[in-house]
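Here's the structure, in structure tokens; my notes come after.
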Amino acid sequence: MTLSPQDMLDARILIVDDQPANVALLHELLHGVGYSQVFSTMDPTAVAALHREAPFDLILLDLQMPGMDGFQVMEALKAGTAEGDYLSVLVITAQPGHKLRALQAGAKDFVSKPFDLVEVQTRIRNLIEVRLLHRQLAQHNLVLEQRVQQRTAELRESEARYRALTELATD
């Protein structure tokens, strides 16, 4: 299983932050590196529905937002995600005490505000790579399962023919 650089750059990314300056900074950073499918929302209540419509490969999530905080967003995302699916969330927080809680709530990684742009870029690339490899593995497993089912059906047909021939030979 391999990923091309273009596979990485075509990943769907969602920025969730209530601060327009943070959204603009992350958009600029991601577009500057070459990511082509970058979306954003300043409405945390919309995240789960957006993800259900067209799943994102990575969600950059601020924790401190009015109305619905990042922890509640992660709960809503988990509730709408299929069992065994890999939900890739990078939490962005100014509160050092929230890091462990965010990881326990389902975030795959975190970045502290104010953030270092190279660090954010590296963490984004790493999380996207893991997500895309997870998706490739799931697709590969599906293909293998279909092959097993096909071969099992062929084996059962062969056994049935063998039994029929055996019964004919004993008559």
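Annotation for region 1-99: trypsin sites (Lys or Arg not before Pro) lying in DSSP loop with at most 11 further Cβ atoms inside 10 Å of their Cβ do not exist. When the solvent-accessible area of region 61-171 is split by element, carbon and sulfur atoms take up 53 percent of it, the probe being 1.4 Å. Distance between the C-alpha centres of region 1-69 and region 123-171: 36 Å, rounded to the whole angstrom. Carbon-plus-sulfur accessible fraction, region 5-46 (probe radius 1.4 Å, protein heavy atoms only): 57%. Sites listed here are chymotrypsin sites (Phe, Trp or Tyr not before Pro) in region 80-156 whose DSSP assignment is loop and whose Cβ has at most 12 other Cβ atoms within 10 Å, and the list is empty. Remark on residue 40: its backbone amide H falls under 5 Å from those of 15, a criterion applied only to residues 5 or more positions apart or on other chains, H modelled at 1.01 Å from N.
Of the listed values (i) 22.6, 78; (ii) 16.6, 58; (iii) 22.8, 86, grab the one calculated as Rg and Dmax of the Cα atoms in Å from the structure here. Read-out taken from this structure: (iii).
The residues of the chain expose, per residue, 59 Å² of accessible area to a 1.4 Å probe.
For residue 92, the residues whose amide H sits under 5 Å from its own are 61, 62, 63, 111, ignoring neighbours fewer than 5 places away on the same chain, with H placed 1.01 Å from N. Helix 20-33 and the longest principal axis of the Cα set of the chain meet at an angle near 50°.
Please say if region 1-89 is rounded, prolate or oblate, where rounded means a/c under 1.5 for a ≥ b ≥ c the square roots of the C-alpha gyration tensor eigenvalues, and otherwise the choice is prolate for a/b larger than b/c and oblate otherwise? Could you put the intermediate results ahead of the total?
Values: a/c = 2.44, a/b = 1.16, b/c = 2.10.
Cα axes put region 1-89 in the oblate bin.
The values are calculated or read from the model by the stated rules, or taken from the named source; none is laboratory data. Since this is a predicted model, take the numbers as computed values, not measurements. Positions of Cβ are backbone-derived with ideal geometry, glycine not excepted, and every protein chain shown enters the neighbour counts. In case anyone asks, the SASA skips ligands and DNA or RNA and just uses the protein heavy atoms, side chains included. Shrake-Rupley method; radii C 1.70, N 1.55, O 1.52, S 1.80 Å.
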